[in-house]
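Notes to accompany the following structure.
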Amino acid sequence: MKTIFSTEHVHPRDRFDFWHDVARKDVVDHAATPRCRNTFRAQLRSGAVGAIGLVSFQNSEMSVAHTQHHIAQANTDELFVCRQFGGQIALEQDGRQVVLEPGDITLVDPSLQYQGRFSEASDVLVLKVPRQLMEARLGQTREMTARAIKPSTAETGLLSASLAMLPFHTPEAGSTAEALLGPHLLDLITLSVGQAMGQDGLRTSSSRALVRVRLRAVIEARLADRTLDAGTVASAAGVSVRYANAVLADESTSIAQLVQARRLARCRQALEDPMQRGRTMSEIAYGWGFSDMTHFGRRFKAAYGVLPSEHRRRTGRSS
């Protein structure tokens, strides 16, 4: 990751103001107050994994507020996945409070107000994930913000460890590795958020959101299985098919529709990937669970307005 700013060579009287200007631009617009201006220190680095932006920053003790005024200036097409490396952050969003210790992770939505307090020597990595990529897997995320994801299970531990390595290995990762790593991280986030919601004492209004997360996680993990059906998905999520479809109807979809949409999205991604030009369309379609090429072509065109073969030609010419 590339260092964007450091207070190391800035006069003490200017350090916080200079830092605040950079953080508002490269992280998110906000108001901030340091505990002590004269001793304030900070550093910010940035990078990316495919479509996911990375921002790593260390700073002295301060408090922050992201208000309705700042939301108007924010990129609300993103969601933040925060992984704590050192120190501590106390965050509050949408009536929920979370305290991040080293290794902990949480989700923050910049389209909503939040407040936070950073301890001395706080060190955090923020993944700026396109909202549509997250919501394709998680559905509506409002109930999922400001919940502690602790590395206490195999899935959450793997996510925390994977995020811990990103700042050190991202510069060396090639385009092929990034193309594989991005979806892998999003899938781990999906599983981990679902577990975190299940461990929280959820309000009744949140229980349907938890079921949606579980259903999406099951579907994402088993897309390549051609035998995947509504009964299998619902059973793995611990609910009946009828209830599963009723919950997904809140987002105008069903198990069958969601399976098909995610398979089509994975196929489209593969058809656009230069590294997969050697694979035939049938290999890609069958690899993501389709069993009939005529059906695949018809559904692909209905979803994207073009046949898969033409989509591959178009993206190949533009790359």
**Prompt:** In the full protein assembly as shown, how much of ASP14 is accessible to a 1.4 Å probe, in Å² to the nearest 10?
**Reply:** 40
**Message:** I'd like the carbon and sulfur percentage of the solvent accessible area for the range 212-283, probe radius 1.4 Å, heavy atoms only, ligands and nucleic acids excluded.
**Reply:** 48
**Request:** Please build a GNM for the chain, connecting alpha carbons under 10 Å apart, and tell me which residue among PRO167, PRO12, PRO34 fluctuates the most.
**Result:** PRO12
**Asked** What value does the chain have for Rg/Rh, both radii from Cα atoms and Rh as Kirkwood defines it?
**Response** 1.01
**Item:** Loop-located trypsin sites (Lys or Arg not before Pro) in the range 2-104 whose Cβ has at most 13 other Cβ within 10 Å (DSSP)
**Value:** ARG13
**Prompt:** From the Cα gyration tensor of the range 70-126, with a ≥ b ≥ c the square roots of its eigenvalues, which class applies: rounded if a/c is under 1.5, or else prolate if a/b is larger than b/c, or else oblate?
**Reply:** prolate
**Complete:** Per the C-alpha gyration tensor (a ≥ b ≥ c, the square roots of its eigenvalues), the range 84-166 is rounded if a/c is under 1.5, else prolate if a/b beats b/c, else oblate; here it's oblate
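Stokes-Einstein D for the range 257-319 at 25 °C, 0.890 mPa s, Kirkwood Rh over Cα pairs, in µm²/s?
213
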**Asked** Mind checking the angle between helix 204-221 and the chain's longest principal axis? C-alpha axes, 0 to 90 degrees, to the nearest 10.
**Response** 60
**Request:** Name the shape class, rounded, prolate or oblate, that the alpha-carbon gyration tensor gives for the range 212-319, where a ≥ b ≥ c are the square roots of its eigenvalues, rounded holds for a/c under 1.5, and otherwise prolate holds if a/b is larger than b/c and oblate otherwise.
**Result:** prolate
**Asked** Helix 154-169 sits at what angle to the longest principal axis of the chain, using alpha carbons and giving 0 to 90 degrees rounded to 10?
**Response** 60
**Item:** Accessible area per residue, Å², the chain with all protein chains present, probe 1.4 Å
**Value:** 47
**Asked** Given the options ARG117, ARG263, ARG277, which has the most mean-square fluctuation in a GNM of the chain, springs set between C-alpha atoms less than 10 angstrom apart?
**Response** ARG277
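Sum -39500 (n - 2.57) across every DSSP H segment of at least 4 residues in the chain, then divide by the residue count to get the 222 nm mean residue ellipticity, nearest 500.
Result for the chain, helices only: -14500 deg cm²/dmol.
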**Message:** Tell me which of ALA209, MET197, VAL64 sits at the most positive position along the dipole axis of the chain, charges placed on C-beta atoms (Lys, Arg +1; Asp, Glu -1).
**Reply:** ALA209
**Request:** Leaving ligands, DNA and RNA out of it, report the carbon-plus-sulfur percent of the accessible area of the range 1-136 at a 1.4 Å probe.
**Result:** 47
**Request:** Sticking to Cα atoms, compute the Rg of the range 1-86 to one decimal and its Dmax as the biggest Cα-Cα distance, whole number, in Å.
**Result:** 13.3, 38
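The values are calculated or read from the model by the stated rules, or taken from the named source; none is laboratory data. This one's a predicted model, so the numbers in the text were calculated from it and none came from an experiment. When we count neighbours, we look across all protein chains shown, and the Cβ atoms used for this are built from the backbone with ideal geometry, even at glycine. Just the protein is used for accessible areas: all its heavy atoms, side chains included, with ligands, DNA and RNA removed. Shrake-Rupley method; radii C 1.70, N 1.55, O 1.52, S 1.80 Å.
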